Amino acid sequence: MGGKARQKPARLAEKLLQIRTSLGLSQNEMIKRLGVDLSQNRISDYELDRGEPPLPLLLLYARAVNISTDVLIDDEMDLPAKLLSRSKHARR
């Protein structure tokens, strides 16, 4: 294998931030919602594009708002327009 490193999704950080804010959660609340042992600094790093979350964490983000992981990692795909309204219903 070897060769070039895989290209990181350019819009991933933006999408992770959109998910958390659409759920109305702080970074610490998002950690609890995801059920992971992670520091608030790591969530911040992911949202500021200073690191890339592991695949299992991306799966948890996608499941939190009922979307496919494809939407997260494909820069040509946008988060669903109804993400905000769906997320509000899920919290009730």
For the chain, alpha-carbon Rg over 2.2 N^0.38 Å: 1.08
Heavy-atom accessible surface of the chain: percent carbon and sulfur, 1.4 Å: 50
Accessible area in square angstrom per residue, the range 1-83, 1.4 angstrom probe: 62
Ranking by accessible area, most exposed first, for 73, 31 with a 1.4 Å probe: 73, 31
Where 76, 47 fall by accessible area, highest first, once all protein chains stay in place (1.4 Å): 76, 47
32, 4, ranked by accessible area, largest first (probe 1.4 Å): 4, 32
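The values are calculated or read from the model by the stated rules, or taken from the named source; none is laboratory data. None of the values given here were measured: they were computed from a predicted structure. Surface areas here come from the heavy atoms of the whole protein model, side chains and all, with no ligands, DNA or RNA. Shrake-Rupley method; radii C 1.70, N 1.55, O 1.52, S 1.80 Å.
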